[in-house]
Amino acid sequence: MSELKKVIEERRSANNFVKGIEIEKEELIEMFELLRLAPSCFNIQHAHYLVVNDQDRKELLREAAFKQYKIHTASAAILVLGDKEAYKDADKIYSGMASLGILPEDEYKQMIDSINALYEGRGSDFQRDEAIRNASLSAMMFMLIAKDKGWDTCPMIGFEVDKMRSLFNIPERYEPVLLITIGKADTKNRRIRGYRKNVSEFVSFEGFQAREDEFAL
């Protein structure tokens, strides 16, 4: 079995964690160092992570997440944010390649113009959707990295966005996407894995087959 296959098969959403286990900041930084390689549109890296592992602040966060117990027992709670204005920093991302001559000046300008045209041309709804899409890609990769390092996670959307913004002074440019709890799973009462659809139930090749009633006169 490949290492990746093992990580994917062993990753499960943890409904509770063993209380009192600390996660060091240095270990989290190691995970985020790997996470820098996550894909994003135009490589503008929309994802931003707010890590809360101070126990008192984690309890404040728990209040904004409907007092879910798994937050209390988790080693840390991580709010995944999507940057709706990430495209505005594209010049910083590509300027290094341009100054080194890796990216010719005309290609550099064309790239920046294309990014601005896409994000500004399609407007605020697109910017928000892109922030969510790209931050979600990053979040899934983070959970796999965490599992590979022996940590369990649970992605959650059960929180009040306005309360989170107020508690942690989150700038408006960041869209709260989901909350990830991380720790060591308490497996004493773990249920069997729920039903997973067969491949034929969620994969279509070459298009969808027309229903018979679509041809009825």
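Numbers at a glance
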{"item": "Helix-only mean residue ellipticity at 222 nm for the chain, each DSSP H run of n ≥ 4 adding -39500 (n - 2.57), per residue, nearest 500", "result": "-14500 deg cm²/dmol"}
{"item": "For the stretch 3-215, size of Cβ-based charge dipole, Lys and Arg +1, Asp and Glu -1, in debye", "result": "1220"}
{"item": "Reachable lysines, given that their alpha-carbon falls under 28 Å from the alpha-carbon of K184 and they are not under 8 places away in the same chain", "result": "K5, K6, K19, K25, K58, K67, K70, K147, K149, K163, K197"}
{"item": "Theoretical gain in end-to-end length, N116 to I192 [0.36 nm per residue, Cα-Cα removed]", "result": "22.6 nm"}
{"item": "Kirkwood Rh in Å, taken over the stretch 3-215 so that all alpha-carbon pairs contribute", "result": "19.6"}
{"item": "Reachable lysines, given that their alpha-carbon falls under 18 Å from the alpha-carbon of K88 and they are not under 8 places away in the same chain", "result": "K109"}
{"item": "Summed residue charge, Cβ within 15 Å of L61's Cβ, Lys/Arg positive, Asp/Glu negative", "result": "+1"}
{"item": "Listed residues A65, Y87, S99: farthest to the positive end of the dipole of the chain (Cβ charges)", "result": "A65"}
{"item": "Residue order, fewest to most beta carbons within 10 Å, for H46, H72", "result": "H72, H46"}
{"item": "Length released on extending from M97 to S124, taking residue separation times 0.36 nm less the Cα-Cα span", "result": "6.9 nm"}
{"item": "Theoretical FRET efficiency, 1/(1+(r/R0)^6), r = Cβ-Cβ of D56 and D89, R0 45 Å, to 0.05", "result": "0.85"}
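Rule-based calculations on the coordinates, nothing more; no lab input. All values derive from a computational prediction rather than experimental measurement. All Cβ positions, even for glycine, are placed from backbone atoms using ideal geometry, and neighbour counts span all protein chains on display.
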